[in-house]
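Chemist: Input: one structure, supplied below.
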Amino acid sequence: MRGLSGKVAAVTGGGSGIGQAAAIRLAEEGCMLAVIDRSKTGAKATVARIREAGGLAEAIVADVAIEADISAAFASVVDIFGRLDILVANAGIFSAERDGRVHGLDKSVWDDIVGVNLTGMYLSCKHGVAAMRATAGSGAVVLTGSPTGILGCTPGSIAYSSSKGGVHGLARVMAVDYAAEGIRVNVVVPGFTLSPIVHELVADPVVMETMVRSIPLRRGAQPVELSGAIAFLASDDASYMTGSLMFVDGGLTAV
Ligand SMILES: NC(=O)c1ccc[n+]([C@@H]2O[C@H](COP(=O)([O-])OP(=O)(O)OC[C@H]3O[C@@H](n4cnc5c(N)ncnc54)[C@H](O)[C@@H]3O)[C@@H](O)[C@H]2O)c1
């Protein structure tokens, strides 16, 4: 893809699933990677895979929901690599068991899920975009959204769905706010993707069958099937795209 070689990219939630696949793909395209995750083991595993393939990567441990952590994380990115060109704001959590319908949803669960999935995205964009403006001066941001932020397709997951709706709004206004500075902002919208985040759904054969039946391609995605779309949105091949939602969902939102 055009314009990725030699760029510095930071991926939050880069220690597993979609973020890990995106970090590896960006490294394959010639980017230097800051793999940010609250899981040290996960971040180090991604970095090891990138280095084994001859790429350049550093693991940075941070919780996206804690501003001091994420501010220090982006300061480290600039210390280590000297600049930031690409931000993949991707870290997120989901819990079918803890989340619920609104009338009984515990506020601490709401705070936890919204705190990571929406406040964490805001904090990553706040400190990531500031680092990008101060160093590269332009760049690309890709946020990971969800069909649940648009459709009522995950009943009983109020906190998760609300957080993802917020992510889409955050991205669209950022796209307008930074267009004149050459910072593009887009959202990748994964469908049902077989990463650890959906382990509760995969473990229940009835839920799994219902999920798969609702997807025209009749299967969940592998995380690697998201990585090309994320790399594309970060690349110069997407130079006229900003404020878009790109669906990679096996047709889930087409029906
Ligand atoms: N898997 C799906 O079906 C699906 C569908 C739509 C959207 N998404 C979104 O994709 C993104 C990536 O999820 P995934 O499927 O790869 O899940 P995953 O569980 O495999 O990976 C999530 C990563 O984020 C990290 N993380 C979680 N909370 C964090 C925090 N507070 N600070 C820093 N890191 C944190 C985890 O340690 C993990 O490495 C999430 O935003 C998720 O909501 C996933």
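Chemist: Among the candidates G139, G128, which residue alone is within 19 Å of G13 (Cα to Cα) and small (G, A, S)?
Modeler: Of G139, G128, the one residue that is within 19 Å of G13 (Cα to Cα) and small (G, A, S) is G128.
Chemist: Could you please give the count of residues in the range 150-167 that are touching a residue at least 40 places away in the same chain (Cβ under 8 Å), within 13 Å of the ligand (Cβ to nearest atom), in a helix (DSSP H, G or I) and open to solvent by 10 Å² or more (accessible area, probe 1.4 Å)?
Modeler: Summing the residues that are touching a residue at least 40 places away in the same chain (Cβ under 8 Å), within 13 Å of the ligand (Cβ to nearest atom), in a helix (DSSP H, G or I) and open to solvent by 10 Å² or more (accessible area, probe 1.4 Å) in the range 150-167 gives 3.
Chemist: Further, regarding this structure: Just to be sure, is A171 at pLDDT 95 or above, away from the ligand (no atom under 13 Å from the Cβ), outside any loop (DSSP other than H, G, I, E, B) and small (G, A, S)?
Modeler: For A171, the condition - at pLDDT 95 or above, away from the ligand (no atom under 13 Å from the Cβ), outside any loop (DSSP other than H, G, I, E, B) and small (G, A, S) - is not met.
Chemist: Residues to consider are V47, V88, V35, V61; find the one that is within 14 Å of the ligand (Cβ to nearest atom) and farther than 16 Å from A21 by Cα.
Modeler: Numbers: V47 fails: farther than 16 Å from A21 by Cα; V88 fails: farther than 16 Å from A21 by Cα; V35 fails: farther than 16 Å from A21 by Cα.
Checking each option against the conditions leaves just V61.
Chemist: Please pick out the residue among A22, A68, A43, A73 that is of a type outside the set (S, T, Y), in contact with a helix residue (DSSP H, G or I) (Cβ under 6 Å, 6 or more places away or on another chain) and either touching a residue at least 60 places away in the same chain (Cβ under 8 Å) or more than 15 Å from A231 (Cβ to Cβ) (or both).
Modeler: A22
Chemist: Taking the conditions exactly as written (at positive phi and touching a Gly at 6+ places or on another chain (Cβ under 9 Å)), does G42 satisfy them or not?
Modeler: Judged against the criteria, G42 is not a match.
Chemist: Sort through A221, A203, A234 and tell me the only one that's away from the ligand (no atom under 11 Å from the Cβ) and open to solvent by less than 70 Å² (accessible area, probe 1.4 Å).
Modeler: The conditions single out A234.
Chemist: One residue is enough: does the range 242-253 have a residue meeting the conditions more than 12 Å from the ligand (Cβ to nearest atom) and surrounded by 19 or more Cβ atoms within 10 Å (Cβ to Cβ)?
Modeler: yes
Chemist: Can I ask one more? Could you go through the range 100-122 and let me know if any residue there is among the polar types (S, T, N, Q), within 9 Å of the ligand (Cβ to nearest atom), under 30 Å from L4 (Cβ atoms) and touching a Leu at 6+ places or on another chain (Cβ under 9 Å).
Modeler: So the first thing to find is which residues in the range 100-122 are among the polar types (S, T, N, Q), and the list is 108, 117, 119.
If we keep only those that are within 9 Å of the ligand (Cβ to nearest atom) as well, we get 117.
Checking the rest, the ones that are also under 30 Å from L4 (Cβ atoms) come to 117.
Imposing the further condition that a residue be touching a Leu at 6+ places or on another chain (Cβ under 9 Å) reduces the set to none.
No, that holds for no residue.
The values are calculated or read from the model by the stated rules, or taken from the named source; none is laboratory data. Since the structure is predicted, the reported quantities are computational estimates derived from the model, not experimental observations. Using ideal geometry, Cβ is built from the backbone for each residue, glycine included, and neighbour counts are taken over all protein chains shown. For accessibility, only protein heavy atoms count, side chains too; no ligands or nucleic acids. Shrake-Rupley method; radii C 1.70, N 1.55, O 1.52, S 1.80 Å.
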